Amino acid sequence: MIHVIATIEVQRGERAAFLAEFHRIVPLVRAEAGCIEYGPTVDVASGAAAQGPVRDNVAVIVEKWESLEALKAHMQAPHMAEYRLRVKDLVVGVQLQVLEPA
């Protein structure tokens, strides 16, 4: 199994617009071969001392895939290319962590 944490920074004030576009692709991605889990998350103020400040311009995508091959196929899916075009003016940057269970 492969875990992915995708941290997406968006333009200030544009997170709601970004998430609206993101939610359009969620059912398509979840239907992909090898997708176990896929969904957006946002910071919540927990009061935990180790947590940094809440980021109002960040969405974190939590993903699980059966294999690295399934993840690679997802990255090449036509609906992902269309999504990237739709959000390109909203996104400031993306940081991707691809992990495996230890």
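The values are calculated or read from the model by the stated rules, or taken from the named source; none is laboratory data. On a predicted model such as this, the values are computed, not experimentally measured, just so you know. Every residue, glycine as well, gets a Cβ built from its backbone with ideal geometry; the counts of neighbours run over all protein chains shown. The accessibility values were calculated without ligands, DNA or RNA, using every heavy atom of the protein model including side chains. Shrake-Rupley method; radii C 1.70, N 1.55, O 1.52, S 1.80 Å.
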Check: Quick check, is ALA59 open to solvent by less than 80 Å² (accessible area, probe 1.4 Å), in a loop (DSSP other than H, G, I, E, B) and among the aliphatic types (A, V, I, L, M)?
Finding: no
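How many residues are part of a strand (DSSP E or B) and surrounded by 13 or more Cβ atoms within 10 Å (Cβ to Cβ) if we restrict to region 62-93?
The number of residues fulfilling the criteria is 5.
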Notebook entry, point to check: Among the residues of region 71-102, which ones are among the small types (Gly, Ala, Ser) and farther than 20 Å from HIS23 by Cβ?
Noted result: ALA73, GLY93, ALA102
Margin query: Being under 14 Å from the mean Cα position of the chain (by Cα) and either touching a residue at least 24 places away in the same chain (Cβ under 8 Å) or surrounded by fewer than 13 Cβ atoms within 10 Å (Cβ to Cβ) (or both): is that true of VAL4 here?
Written below: yes
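Take VAL29 and decide whether it is at pLDDT 95 or above, in a helix (DSSP H, G or I) and aliphatic (A, V, I, L, M).
yes
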Next item on the list: Name every residue in region 60-102 that is in contact with a helix residue (DSSP H, G or I) (Cβ under 6 Å, 6 or more places away or on another chain), of a type outside the set (Ser, Thr, Tyr) and closer than 25 Å to ARG15 by Cα, in order of residue number.
Entry: HIS79, ARG86, VAL87, LEU90
Check: Which one of these is surrounded by fewer than 15 Cβ atoms within 10 Å (Cβ to Cβ), on the phi > 0 side of the Ramachandran plot and either part of a loop (DSSP other than H, G, I, E, B) or among the hydrophobic types (A, V, I, L, M, F, W, C) (or both): GLY47, GLY52?
Finding: GLY47
Next item on the list: Look through region 12-35, keep the residues that are touching a helix residue (DSSP H, G or I) at 6+ places or on another chain (Cβ under 9 Å) and open to solvent by 80 Å² or more (accessible area, probe 1.4 Å), and return whichever of them is nearest to VAL94 (Cα to Cα).
Entry: ARG24
